[in-house]
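Okay, so here's the structure we're looking at.
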Amino acid sequence: MQLHTIKPAEGATHKQKRLGRGEASGKGGTSTKGNKGGQSRAGYQRKNAHEGGQMPIQRRVPKRGFNNIHRVEYKVFNLGQLDSLAEKYGITEFTPENLYVNGLISQTDRVKILGVGELKSKLGFKVHAVSGKAKSAIEGAGGTIEILK
């Protein structure tokens, strides 16, 4: 055996189709793409939601509701939870940093304290928002509140 005599196995290779090379190629004219339409044109790209001319689902289904882009979402803690959280994690001051370190909120969450339940211990708070009932309960228990921007 010599390098110039090596050939691929029988049936391993196929003759390449030469599209768009005239009528004599047997694939001339429309180059096997059929007649007219977007798919026969150069640069054709099928859109993801294309349904073959049927009205697409995003146009068939009616729009409902409203999303306010200015809405501010808070991670909410009730007064009833605070004593047990302070005891469990050893927190004396509730700040976003302390809550994040202990895995109670994510880094970008805003924190709000609501007035459901009772607060028995004296705690400090540096949070983004406090309800009126929670504020009076915290100050009544001897705690401090600082509102963050």
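The values are calculated or read from the model by the stated rules, or taken from the named source; none is laboratory data. Bear in mind that the values here come from a model prediction, so they are computed numbers and not experimental data. For neighbour counting, all protein chains shown are included, and Cβ atoms are generated from backbone atoms with ideal geometry for every residue, glycine included.
Here G26, G117, G52 are screened, and the one residue that is under 31 Å from the mean Cα position of the chain (by Cα) and among the small types (G, A, S) is G52.
Search the stretch 50-91 for residues being of a type in the set (A, V, I, L, M, F, W, C) and assigned to a strand (DSSP E or B), and hand back the single one that is surrounded by the fewest Cβ atoms within 10 Å (Cβ to Cβ). In this case the residue turns out to be V76. Within the stretch 100-107, one or more residues are at positive phi and not in a helix (DSSP H, G or I). Taking first residues from the stretch 1-23 that are surrounded by 10 or more Cβ atoms within 10 Å (Cβ to Cβ) and partners that are assigned to a loop (DSSP other than H, G, I, E, B), the Cβ contacts under 6 Å between residues at least 6 apart in sequence or on separate chains come to L19/K27; L19/S31; G20/S31; G22/G28. A single member of F66, F77 is within 18 Å of G117 (Cβ to Cβ) and hydrophobic (A, V, I, L, M, F, W, C), and it is F77.
The rows are residues; the columns are (1) at pLDDT 95 or above; (2) in contact with a strand residue (DSSP E or B) (Cβ under 6 Å, 6 or more places away or on another chain); (3) closer than 15 Å to V130 by Cα; (4) of a type in the set (K, R).
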residue	(1), (2), (3), (4)
K36	no, no, no, yes
R46	no, no, no, yes
G53	no, no, no, no
P56	no, no, no, no
R59	no, no, no, yes
N78	yes, yes, yes, no
Q81	no, no, yes, no
R110	yes, yes, yes, yes
E118	no, no, yes, no
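Among what's in the stretch 128-148 and is part of a helix (DSSP H, G or I) and touching a residue at least 24 places away in the same chain (Cβ under 8 Å), pick the residue that is surrounded by the fewest Cβ atoms within 10 Å (Cβ to Cβ). Per the criteria, the residue is A137.
Please verify whether V111 is under 22 Å from K149 (Cα atoms), over 24 Å from the mean Cα position of the chain (by Cα), surrounded by 14 or more Cβ atoms within 10 Å (Cβ to Cβ) and hydrophobic (A, V, I, L, M, F, W, C), treating the condition exactly as stated. Criteria not met by V111.
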